[in-house]
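Step one of this worksheet: look at the structure below.
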Amino acid sequence: MTRRIPSLNALRAFEAAGRLGRMTLAAEELHVTHSAISRQVQHLQEVLGVALFEGPKNALRLTEAGRRLLPGLVSAFDQMDMAVRLVADTEDGPLDVSCPGTFTMRWLIPRLYRFQAAHPGIEVRLTASAGPVDFGRDGFDVAIRAGAGPWPGGAEVFHLFAEQIGPVLAPSLMRPARPHLAGVTLLHARTRPRSWPDWCARSGIGIEDGAGATYEHFYFMLEAATAGLGVCIAPWPFVSDDIRAGRLVAPHGFIAGGQDYVALRRQRRHRKSSLFCAWLQHEAHQFDAASR
């Protein structure tokens, strides 16, 4: 059966305008003029015989036909983008990286400028996620995760470093006569509800289960600890800069947390992801060596 598909340029112009809500934004994304987007959308409407937008030029909105057409086009262009990136083998263009949010903010982003300086043609696009990795379903090229394995099939695994954890708090909360942090508010994060029990079991140190505060995100909990609101269990990579700067102290040091930080990559090699994973391992090993 012969497919009757309108011009891809016209479909792309409508998809961008419909998704972004404005033709000016579509023009910026596609690097064309506003009038070029308008002409392509008008051409598509003439081919289909229906109006896709309605309302004044400065407040266009999708018609019923436009609302029905848009989701299929968004999905189709996403699939085409993924298909192209799966076979592309260049050192330029976007590289999609999935990474837990706090690790991204506290460890990866402060070092990312070195990768960008070495490879200015690669645009690293970061997505915050700590969920299970499925390269058959997800569109990213590299995933950074912390865990004990086993890691998903269909992924090449690059070990970064073993996790070290310990309690940290602001210097203002430290008291010479305070045994085992007695009386300090224990801070918790919903994303790691067993941090305190696990640390106590591994360290052999008991902590009084007194007043506590729970935060929705791990990053919020770390900020609360830095602000002097209590003590929390934190991985060394997340707090190393704060401890060296004196914003936090770790009275019991750090012990093995039972997890490893790894970079997972699609098994099919391409240069962008190879360069990024090699850089990640180098940075991780440098960090690990400096921490000893």
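Matching residues to (1) under 30 Å from Arg190 (Cβ atoms); (2) basic (Lys, Arg); (3) in the same structural domain as His285 (by TED's automatic domain parsing):
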| site | (1), (2), (3) |
| --- | --- |
| Ala36 | no, no, no |
| Gln42 | no, no, no |
| Ala65 | no, no, no |
| Pro71 | no, no, no |
| Ser75 | no, no, no |
| Arg111 | yes, yes, yes |
| Arg114 | no, yes, yes |
| Arg137 | yes, yes, yes |
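Select from region 101-115 the residues that are more than 16 Å from Ser240 (Cβ to Cβ), modelled with pLDDT of 95 or more and of a type outside the set (Ser, Thr, Tyr) and list them in ascending order. Let's see the steps before the verdict.
Of all residues in region 101-115, those more than 16 Å from Ser240 (Cβ to Cβ) come to 101, 112-115.
Now drop any that are not modelled with pLDDT of 95 or more, which leaves 112-115.
Leu112, Arg114, Phe115, listed by residue number.
For Arg145, are the conditions met, namely being touching a strand residue (DSSP E or B) at 6+ places or on another chain (Cβ under 8 Å), more than 27 Å from Leu20 (Cα to Cα) and modelled with pLDDT of 90 or more?
Values: touching a strand residue (DSSP E or B) at 6+ places or on another chain (Cβ under 8 Å): yes; more than 27 Å from Leu20 (Cα to Cα): yes; modelled with pLDDT of 90 or more: yes.
So Arg145 passes the test.
Working only within region 228-237, note down all residues that are within 29 Å of Glu283 (Cα to Cα), among the hydrophobic types (A, V, I, L, M, F, W, C) and outside any strand (DSSP E or B). Spell out how you get there, then give the answer.
Pass one, region 228-237, residues within 29 Å of Glu283 (Cα to Cα): 231-237.
Filter once more, so that each one left must be among the hydrophobic types (A, V, I, L, M, F, W, C): 231-234, 236.
If the condition is that a residue be within 29 Å of Glu283 (Cα to Cα), among the hydrophobic types (A, V, I, L, M, F, W, C) and outside any strand (DSSP E or B), then Trp236 is the only one that fits.
Within region 238-260, how many residues turn out to be part of a helix (DSSP H, G or I) and not small (Gly, Ala, Ser)? If you could, list the steps in order and put the result at the bottom.
Of all residues in region 238-260, those part of a helix (DSSP H, G or I) come to 238-245.
Next, from what is left, pick out any that are not small (Gly, Ala, Ser): 238-239, 241-244.
Within region 238-260, residues that are part of a helix (DSSP H, G or I) and not small (Gly, Ala, Ser) number 6.
Give the number of residues within region 253-292 that are surrounded by 15 or more Cβ atoms within 10 Å (Cβ to Cβ), in contact with a Pro (Cβ under 9 Å, 6 or more places away or on another chain) and over 15 Å from Arg114 (Cβ atoms).
Residues in region 253-292 being surrounded by 15 or more Cβ atoms within 10 Å (Cβ to Cβ), in contact with a Pro (Cβ under 9 Å, 6 or more places away or on another chain) and over 15 Å from Arg114 (Cβ atoms): 6 in total.
Any chance region 168-181 includes a residue that's under 26 Å from the mean Cα position of the chain (by Cα) and outside the structural domain of Ala284 (by TED's automatic domain parsing)?
First, the residues of region 168-181 that are under 26 Å from the mean Cα position of the chain (by Cα): 168.
Those still in the list that are outside the structural domain of Ala284 (by TED's automatic domain parsing) too: 168.
Yes, region 168-181 contains at least one residue that is under 26 Å from the mean Cα position of the chain (by Cα) and outside the structural domain of Ala284 (by TED's automatic domain parsing).
Looking at region 261-275, which of its residues are modelled with pLDDT of 95 or more and either more than 15 Å from Phe135 (Cβ to Cβ) or part of a helix (DSSP H, G or I) (or both)?
Tyr261
Considering only residues that are part of a loop (DSSP other than H, G, I, E, B) and of a type in the set (Val, Ile, Thr), look in region 15-61 and name the one that is surrounded by the most Cβ atoms within 10 Å (Cβ to Cβ). Steps first, answer last, please.
Going residue by residue through region 15-61, those that are part of a loop (DSSP other than H, G, I, E, B) are 21-22, 31-33, 49-52, 55-56, 60.
Now restrict to residues that are of a type in the set (Val, Ile, Thr): 32-33, 50.
Working: Val32: 17, Thr33: 12, Val50: 14.
Filtering region 15-61 for residues that are part of a loop (DSSP other than H, G, I, E, B) and of a type in the set (Val, Ile, Thr), the one surrounded by the most Cβ atoms within 10 Å (Cβ to Cβ) comes out as Val32.
The values are calculated or read from the model by the stated rules, or taken from the named source; none is laboratory data. Everything numeric here is computed off the predicted structure, so don't read it as measured data. Neighbour counts run over all protein chains shown; Cβ positions are idealised from the backbone, glycine included.
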